[in-house]
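Student: First the structure, which I've put down as structure tokens, then a few questions once you've had a look.
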Amino acid sequence: MSARWKKVIVLLDMDAFFAAIEILDNPKLSNKPVSVTNGLHGSTIITCSYVARRYGIHTGMSLHKARHLCPGLINMPARHQRYNQISTAIMRYIAAEFTPDIEVFSVDEAFLDMTACQMRFPNLFILPKAIQDGIYKRFCLPVSIGISGDKTTAKYAAKCAKPYGVKVVLPHQAADFLAAVPVTDLCGIAHNIAYVLAEYGVHYCQDIKRIPKSILQQRLGVTGVRIWYMCQGKDPAPVYTKTQKAKSMGHGKVLPPGTKSKDQVIYYLVHMAAKLATRLHQEGYYASVFIIAMRTPQKTWIKRKIVHTVRYRIYESLVGMIQHFLADKWHGEIITQVQITACRLHIDEQLDLFTQENKQYDLQRTLVAINHKYNKNIVTYARIIDPIK
């Protein structure tokens, strides 16, 4: 029996999750280079299979460049409903078979607090392999797993284990394990925080000992204190097992290079509006504020915040907002990215029967049900099906 750990944190990270599901659903794609983009007109890769990665293809790369590196690349439009369906099933399986103390970190990642399960799984070197084998046997999908005494170390261990590997880092070895890791490789340390750390000569995790914790607390508040511990393999953050209410919801897209056609810009904004309206309905929310934004090559944002209290005909309302926004704010600049975000979310309630509002509600509900049944957007708004010329 292994010595009991003070905390046992496991991070499971599905390998190339979206691409793996496309291969699962279409076995003919097995052992072939596969990429996934958002929609039929997607221009940026959101994930790709490990076969594709051998050609130098990676997330964030333009599809045009990827096809140049790998002419035989097979690109698939993302099916987020299908991915969410499988993700939910995996998380339920983990909660039932291993531990209910689970934090769903993203659609393809989850933290598990296994501290209370050490009597059931006394050998913590065998535990992650049992989880990995269980997921593959049940879902035929590969997952990499990291395990340590804190969230940050477990997450980085899983990253080192990819693909389809297991990495166990004993808690007392966590500091040495992270010592030579660049601070920007740790989850939660973005470039703005890294810039502050660099001011004090902190570029690698081992450098954090050079500065007092109080300095980071003064500069970054409680986040600074956590980072000071994170870099030493002592991340104090717990596994959050309670689902947090969504504060905002949005959809965005990186556009093809040189996009400045009004028809193209409207197409992509309206497409994001349709996705957002559908998702709000699926998850039972309506919003009182929307933000429409577009990014230019100079990395500046053209945006507008709009207060909106109507709960029905969300899509139609968003289309109207988009038209007014473009007329007032856009002067023909090249656009590299579009984003529509719903803020100040409220739980939706059933509308009164036999009203015009309820008819619109039922129409949206029917559209969502059809698309959910077939795991794709087979029914959508006519405005967004015209192909980009």
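Student: Quick one: count up the residues across the stretch 131-160 that are part of a helix (DSSP H, G or I) and more than 27 Å from N31 (Cβ to Cβ).
Tutor: Counting residues in the stretch 131-160 that are part of a helix (DSSP H, G or I) and more than 27 Å from N31 (Cβ to Cβ) gives 7.
Student: Do we find that V196 is touching a Lys or Arg at 6+ places or on another chain (Cβ under 6 Å) and farther than 30 Å from I131 by Cα in this structure?
Tutor: yes
Student: If Y268 passes every condition in (1) out of contact with any Lys or Arg (no Cβ under 6 Å at 6 or more places or on another chain); (2) assigned to a helix (DSSP H, G or I); (3) in the same structural domain as H281 (by TED's automatic domain parsing); (4) not aliphatic (A, V, I, L, M) but one, which one does it miss?
Tutor: So Y268 meets the others, but not (1).
Student: Can I ask one more? Counting only residues that are assigned to a helix (DSSP H, G or I) and touching a strand residue (DSSP E or B) at 6+ places or on another chain (Cβ under 8 Å), which one in the stretch 165-176 is surrounded by the fewest Cβ atoms within 10 Å (Cβ to Cβ)?
Tutor: P171
Student: Take L216 and tell me if it is under 26 Å from the mean Cα position of the chain (by Cα) and surrounded by 17 or more Cβ atoms within 10 Å (Cβ to Cβ).
Tutor: The answer is no for L216.
Student: Among the candidates F139, F177, single out the residue that is in contact (Cβ under 8 Å) with a residue 40 or more places away in the chain and more than 16 Å from E109 (Cβ to Cβ).
Tutor: Going through F139, F177 in turn, just one is in contact (Cβ under 8 Å) with a residue 40 or more places away in the chain and more than 16 Å from E109 (Cβ to Cβ): F177.
For (1) buried (at least 16 other Cβ atoms within 10 Å of the Cβ); (2) touching a Ser or Thr at 6+ places or on another chain (Cβ under 7 Å); (3) of a type in the set (K, R); (4) on the phi > 0 side of the Ramachandran plot, each residue gets a yes or a no:
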| position | (1), (2), (3), (4) |
| --- | --- |
| A198 | no, no, no, no |
| V202 | yes, no, no, no |
| C205 | yes, no, no, no |
| K209 | no, no, yes, no |
| G224 | yes, no, no, no |
| K234 | yes, no, yes, no |
| H251 | yes, no, no, no |
| L255 | yes, yes, no, no |
| G258 | no, no, no, yes |
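Student: Counting only residues that are acidic (D, E) and within 24 Å of G146 (Cα to Cα), which one in the stretch 11-67 is farthest from the chain's Cα centre (by Cα)?
Tutor: D15
Student: Looking at the stretch 1-52, which of the residues that are of a type in the set (K, R) and out of contact with any Gly (no Cβ under 7 Å at 6 or more places or on another chain) is surrounded by the fewest Cβ atoms within 10 Å (Cβ to Cβ)?
Tutor: K28
Student: Exactly one condition in (1) touching a Pro at 6+ places or on another chain (Cβ under 7 Å); (2) crowded, with 16+ Cβ neighbours inside 10 Å is false for I193; which is it?
Tutor: It is condition (1) that I193 fails.
Student: Looking at (1) assigned by TED's automatic domain parsing to the domain that holds L24; (2) exposed (fewer than 14 other Cβ atoms within 10 Å of the Cβ); (3) in contact with a helix residue (DSSP H, G or I) (Cβ under 9 Å, 6 or more places away or on another chain), which one does G72 not meet, given that it meets all the others?
Tutor: (3)
Student: Still on this structure, please answer the following. Report the residue count in the stretch 333-344 for those that are closer than 22 Å to G42 by Cα and over 20 Å from the mean Cα position of the chain (by Cα).
Tutor: So the count comes out to 4.
The values are calculated or read from the model by the stated rules, or taken from the named source; none is laboratory data. Computed from a prediction, not measured in an experiment: that's the story for all the values here. Quick reminder, even Gly has a Cβ in these numbers, built from the backbone with ideal geometry, and neighbours come from all protein chains shown.
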